[in-house]
Amino acid sequence: MSNFADTSSSLFVRTGRESCEKFLGKFLDIRIRPFVLRVTGGCGLMGPEHAVGLRNVQHALTGGARAAKSLPRFTGFCLFGGTRMVNRTNPRIVVPGITEVVPPINRLCSGSRTLGIIAKVGDLKHSRHGIIVSDDCDRSLPLDQQYVTIAHPTQHSILLVQPSADRTASWDDEAKECIDICDHLRKGHWKGLLLVYNGGGVVEREIKAWAELGKSDPFWQVLIVKGSGRTADKFACDADFMEQHKETVHSCGNSVEEIREALLKYNALVYPPESLFRRK
């Protein structure tokens, strides 16, 4: 019988450029397909008209609202921000963001692992609601719009990165760490994909980094959900950028069916073995 300790996430801390072999060892699980999916996008500044579409990404990854056994689902390792935003005055209220899309994969996709990368952007605080990573939202906002960023409670493992014990990182360090990890896996002949929904300046720099890397290696595939707003739409609607990187940067519509079709095309989803006979 499992208890709360057995089901808690493993937490690793990496300082500077030291190696964290225990966290990297998570990728050695031979039961999991050698595919790495990096999910990035909008968090605190995402408008409600785009936040509602996050469920499209989640359902495409996990087999629909009811996780239908006949539908494909993600198998492999999923890298994401590893955080959750909660209302500052009522922590039971979860603020929608891209980091809510990934954790359900843990229970709905048996052939997967969710691995969170958290940049130590400020002094950490311990609370009864979890480790507080950031409390820097705009205090001029109405109380119901103010939030605190905590370590997400439901993920397989977490890597916290910091320059040193006394120095803080930036949100860009999360993206850089994910690129370093993906590059390590690329050298082992893995397949990879960056999935982008919404996002701001940090996401813009990550897209550009993957696109530049894609010029020399097709591993660096990017899928942008068009119609998800902000940075995602900026790039998806930039005909010149998309043409320049047409071999590795792609877009799809913001519906479950369109996202699922694109994820299948770029090898992020796999049909369950028991569903194969149903499709013949």
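Here is how the numbers come out for the structure above:
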quantity: Within-11-Å neighbourhood charge of residue 94 [Cβ basis; K, R +1; D, E -1]; calculated: +1
quantity: Alpha carbon convex hull of region 150-280, projected area averaged over orientations, nm²; calculated: 10.8 nm²
quantity: Theoretical FRET efficiency, 1/(1+(r/R0)^6), r = Cβ-Cβ of residue 205 and residue 110, R0 35 Å, to 0.05; calculated: 0.55
quantity: Qualifying GluC sites (Glu not before Pro) for region 1-109 [loop in DSSP, other Cβ within 10 Å: at most 13]; calculated: 18
quantity: Region 205-264: GluC sites (Glu not before Pro) in DSSP coil with no more than 13 other Cβ atoms inside 10 Å; calculated: 247
quantity: Solvent-accessible heavy-atom area per residue, rounded to whole Å², over the chain at 1.4 Å; calculated: 50 Å²
quantity: Counting DSSP beta bridges with both ends in the chain, the antiparallel % (nearest 5); calculated: 30 percent
quantity: Interchain or long-range residues, amide H under 5 Å from residue 147's placed H; calculated: 88, 137
quantity: GNM result for the chain, Cα springs below 10 Å: residue of 165, 68, 236 fluctuating most strongly; calculated: 165
quantity: Rh by Kirkwood over Cα pairs, then Stokes-Einstein D for region 1-126 at 0.692 mPa s and 37 °C, µm²/s; calculated: 200 µm²/s
quantity: Protein accessible area in the chain, 1.4 Å probe - carbon and sulfur %; calculated: 52 percent
quantity: Distance in nm between pseudo-label sites at residue 238 and residue 180 (7 Å out along the Cβ direction from Cα); calculated: 2.6 nm
quantity: Distance in nm between pseudo-label sites at residue 21 and residue 145 (7 Å out along the Cβ direction from Cα); calculated: 5.0 nm
quantity: Violating pairs (Cα-Cα greater than 18 angstrom) within the set 187/208; 208/246; 208/234; 125/176; calculated: 187/208; 125/176
quantity: Loop-resident sites, region 49-95, for trypsin sites (Lys or Arg not before Pro), counting at most 13 other Cβ within 10 Å (DSSP); calculated: 66, 69, 92
quantity: For the chain, built as a Gaussian network whose Cα springs stay under 10 Å, the top-fluctuating residue of 250, 152, 189; calculated: 189
quantity: Residue among 253, 16, 47 with the largest mean-square fluctuation in a Gaussian network model of the chain, springs linking Cα atoms under 10 Å; calculated: 16
quantity: For residue 195, residues with placed amide H under 5 Å, excluding near neighbours; calculated: 38, 39, 40, 223
quantity: Long-range tail of P(r) for the chain (Cα pairs > 30 Å, %); calculated: 27 percent
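The values are calculated or read from the model by the stated rules, or taken from the named source; none is laboratory data. All values derive from a computational prediction rather than experimental measurement. Heads up, the Cβs are rebuilt from the backbone with ideal geometry, glycines too, and the neighbour counts pull from every protein chain shown. Accessible surface areas use protein heavy atoms only, side chains included; no ligands, DNA or RNA. Shrake-Rupley method; radii C 1.70, N 1.55, O 1.52, S 1.80 Å.
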